[in-house]
Amino acid sequence: MYSPLWHLLWSLAVSLSLDVAQSIPAAQDPRTDPFYQPPPGFERAPPGTIFRKRLVTTSFFGLVPDPVEAHQLLYRTTAINGSAIASITTVFKPLHAITDRYVSFHTAYDSASVTCDPSYQYQLGVPQTDLISTFEFLFLQRHLLHGYIVASPDHEGPDAALGSGRLAGMTVLDGMRAVNNFNETLGFSTSRPMIAATGYSGGAIATGWAASLHYVYAPELNVKGWAMGGTPANLTGTFYYLDGKLYSGFIPAAVNGLSKPSAYGTQLLPIIDRIVTEKGRALLDYANSHCVPADLANWPNQSMLSPDIQTLGPTLLLEPTIHSVLLENLLGGRPEEAPMAPVLVYHSVEDEIIPYHDIPLMVDSWCSAGATVQFRTYVTGGHARTLLGSLTDSAGYIDDAFAGTLEHGCSWQFRTISPHPVIGKVDHEHIFSQLSENLNQLFWAEAV
């Protein structure tokens, strides 16, 4: 409840944060910031090794400092071809933190441009070009207010490889290893802190694949539960669901992401260079330099299957190499990759961005392989409304995972999201796009 005392405490916290912010260097563009570059010989280090660390000032909307201790770690992880790469995780430590656990928070930044990385967008003074991460930063605060340390990795890796699930999974798991290795600063009370992870939409790609690869890639991590919703479990199904519709702007960003060097660039780039038209090249170039709100506004109701974009036309996804890459990123496709820790999966049958019909197949595959899954089907609500309406449920699941009270086995529940006069029937993604544009015009004209 709001009170003068609360206002005083908050004002003092912000004032202290401003004092600290003045002593921390200003944020730099990831494309030129040397912090993002690993040192020579980093390839010889084991995954999860920390190469660089720094204090940063995180903020709300790039404007108001977040009164919490925040660190960034550059750490070793693994590319799709098995080679060494480096990524960054941002670690938030609240005052009076609980020191035997932390939350891995995976935001849906959904971009093929590194300027949209959360490690950059979270920082004070940065133009908020990715408003999805900006708003999800508010959701992250819930875990901090509960005393949880929170780590939020750049799960698309060093080159914004959107859609590469296996890469995202390894990047998340190695980010957890890095946080464990940061024990001297975080002051964990145990050598194996408990971990719970959460992500929605693009963040669920990272969460779902980290859950899938946990046993085969990093079984030593003490993960107690995973919460994931609005999950693009089947990239092929998601492609066809989006193509030619309002949110088709996600597609060129994902094409770019899958074609990045840390992902499947060696396999895909020769094909793309051969088939893309001049119009298609301009589209991909745009998506490579913009965040998702701009991508959505730039290319609504368009088709990637058009011969105007690429010469294979409607047969694009039947090309053998492209088909193979998409199949490799099918969640639930391999029984040996079923999650070893309990999972909450939630999705709306009315989701207009990520198709529902792929989710029961993923859940059935995991359950058949012995995983513990709570599957919550929301019978009402679109993509954004399900995110907002499920916040309490997903956060409660994390609390229960830490408490060790999750039931084993698989269950399927049906739920409704109550209509809301504000969030019930609005076009959220396009509102986010307009808000992003307006914020930049208001606050960042000089920076741009």
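All of the numbers you see were taken from the coordinates with simple rules; none came from a lab. Predicted model, so just to flag it, every value in this text is computed and none were measured. Quick reminder, even Gly has a Cβ in these numbers, built from the backbone with ideal geometry, and neighbours come from all protein chains shown.
Descriptive notes on the structure:
- Separation of the Lys245 and Thr185 label points, Cα + 7 Å toward Cβ, nm: 4.2
- Global form of segment 134-211, assessed from the alpha-carbon gyration tensor, a/c cut-off 1.5: oblate
- Residue of Lys279, Lys224, Lys260 that the Gaussian network model of the chain assigns the largest fluctuation, springs spanning Cα pairs under 10 Å: Lys279
- Segment Thr392..Ser306, full-extension length gain: 26.8 nm, with 0.36 nm per residue of separation and the alpha-carbon distance subtracted.
- Full extension of the chain between Tyr215 and Val379 gives 55.8 nm of extra length, using 0.36 nm per residue less the Cα-Cα distance.
- Springs between Cα atoms under 10 Å define the GNM used for the chain, and in it the highest mean-square fluctuation of Ala254, Ala26, Ala227 occurs at Ala26.
- Note on Asn298/Arg274: beta-carbon distance plugged into 1/(1 + (r/R0)^6) with R0 of 22 Å gives a FRET efficiency of 0.35.
- Distance between the 7 Å Cα→Cβ label points at Arg31 and Arg44: 3.4 nm.
- Between His357 and Phe51, the contour length at 0.36 nm per residue exceeds the alpha carbon distance by 106.0 nm.
- Three-way shape call for segment 215-267 based on the alpha-carbon gyration tensor, with the a/c threshold at 1.5: oblate
- Cα gyration tensor category, rounded, prolate or oblate, for segment 86-218 with a/c compared to 1.5: oblate
- Fluctuation leader among Gln413, Gln72, Gln28 - the chain, Gaussian network, Cα springs under 10 angstrom: Gln413
- Cα centroid separation, segment 156-216 to segment 330-403 (Å): 18
- FRET efficiency estimate (nearest 0.05) - Cβ-Cβ, Phe61 to Thr236, R0 41 angstrom: 0.70
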